[in-house]
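Here the structure is laid out as C-alpha cells; the discussion comes afterwards.
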Amino acid sequence: MAHQAIPSGRISAPAQALQSLSAGLLAVERLAIMGFMFLLTGLILLNVVTRYSGVPIYWVDESAVYSVVWLTFIGASAMTRLRLDFAVSMLTERLSERGRTAAKVIATAMVVTFGLSLAAMCWLWMDPVGIARAGFDARAFAGETFNFLYTERTQTLNWPTWVLYLILPIFAVSMIIHGLANLVEDIGLVPPAAIRGFVLSDVDGVN
C-alpha cells in the first residue's frame, strides 16, 4: 500500500523525536551487530587454531556462546524496526485496506506490549532498588531475597552473570522504542522513515 503524504502541520513533534531516537538506536545496533559478528568469527577461528595446535583455550567456547546470545538479541531488536519479523497474512490479505491497516496497528501494539512486559519482568528479576538498598552487597541481597543473580559467576570467564544478562533489559527497552516508532508510522502521525545502513533485499517481505 502506498503511503499518502502527511501535511506538515499534522506531523507530531513527539512522534518525530521518537522516530529520530529509533534511528539513532538502530545505527548503534548496526555497529554492535557488525562488532559481534567480527568477534564471533575471531573466536571461532581462534578456537579452531588452538585446538588443532594442541593448546585449546578453555574460555573461548563460553565467550562464543555469549557473543551469539548478545548478537541474537541485538539483531532481533533491529529486525523489529526493519519490520522483518514473521507475519501470517492468510487472514489479513482477505481484509479491506482499512482492515489491514487496523491489523497492522494491533500487531505493532502487541510488540510494544511484549517489550513493556519483558521490561517489567527484568525490573522485578534484577531488582535494582533491592540491591541498592542492600548497599550493593550481593551476599546480603541474596540472603534477604533468595535472589542469587548478583552472586553467580560464569564457569570459565568468571564474569558476573548479571553483566551478561543485561542484554535482556537492553533488548526490552530497544524493542519498546522501535515498536513505538513503528506504531506512530502505522497510525499516520509521521511518514515512514527511510532506513539507512541496511539493505533490504526483499521489500515484499517487510511488514
Conditions (1) modelled with pLDDT of 95 or more; (2) more than 30 Å from residue 61 (Cβ to Cβ); (3) small (Gly, Ala, Ser) -> residue 174 fails only (2)
When you scan segment 119-138, do you find a residue that is touching a Cys at 6+ places or on another chain (Cβ under 7 Å), among the hydrophobic types (A, V, I, L, M, F, W, C) and at pLDDT 95 or above, even just one?
no
Exercise. Answer yes if at least one residue in segment 167-181 is in contact with a Lys or Arg (Cβ under 7 Å, 6 or more places away or on another chain) and either among the acidic types (Asp, Glu) or more than 29 Å from residue 31 (Cα to Cα) (or both), and no otherwise.
Key: no
When every residue in segment 34-62 that is closer than 30 Å to residue 179 by Cα and in contact with a helix residue (DSSP H, G or I) (Cβ under 6 Å, 6 or more places away or on another chain) is compared, the one surrounded by the fewest Cβ atoms within 10 Å (Cβ to Cβ) is 39
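Is it fair to say residue 114 is among the aromatic types (Phe, Trp, Tyr) and more than 26 Å from residue 158 (Cα to Cα)?
So residue 114 fits the description; yes.
Can you tell me which residue in segment 48-67 is nearest to residue 33 (Cα to Cα), limited to those that are free of Cβ contacts under 8 Å to residues at least 12 places away in the same chain and assigned to a helix (DSSP H, G or I)? Walk me through how you get there before you give the answer.
The initial filter retains those residues of segment 48-67 that are free of Cβ contacts under 8 Å to residues at least 12 places away in the same chain, namely 48-57, 65.
So of that shortlist, the ones also assigned to a helix (DSSP H, G or I) come out as 48-52, 65.
Details: 48: 23, 49: 24, 50: 26, 51: 27, 52: 29, 65: 15 Å.
Top of the filtered list is 65.
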For segment 93-130 the number of residues that are touching a residue at least 24 places away in the same chain (Cβ under 8 Å) and of a type in the set (Gly, Ala, Ser) is 4
Note on segment 136-173: residues among the hydroxyl-bearing types (Ser, Thr, Tyr), surrounded by fewer than 16 Cβ atoms within 10 Å (Cβ to Cβ) and assigned to a loop (DSSP other than H, G, I, E, B) are 151, 156
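Scanning segment 75-134 for residues that are in a loop (DSSP other than H, G, I, E, B) and of a type in the set (Ser, Thr, Tyr), which turns out surrounded by the most Cβ atoms within 10 Å (Cβ to Cβ)? Reasoning before the result, please.
Initially, segment 75-134 is screened for residues in a loop (DSSP other than H, G, I, E, B), giving 83-91, 95-96, 127, 134.
Filter once more, so that each one left must be of a type in the set (Ser, Thr, Tyr): 89, 96.
Details: 89: 11, 96: 8.
The residue in question is 89.
The values are calculated or read from the model by the stated rules, or taken from the named source; none is laboratory data. This is a predicted model, so every value here is computed, not measured. Quick reminder, even Gly has a Cβ in these numbers, built from the backbone with ideal geometry, and neighbours come from all protein chains shown.
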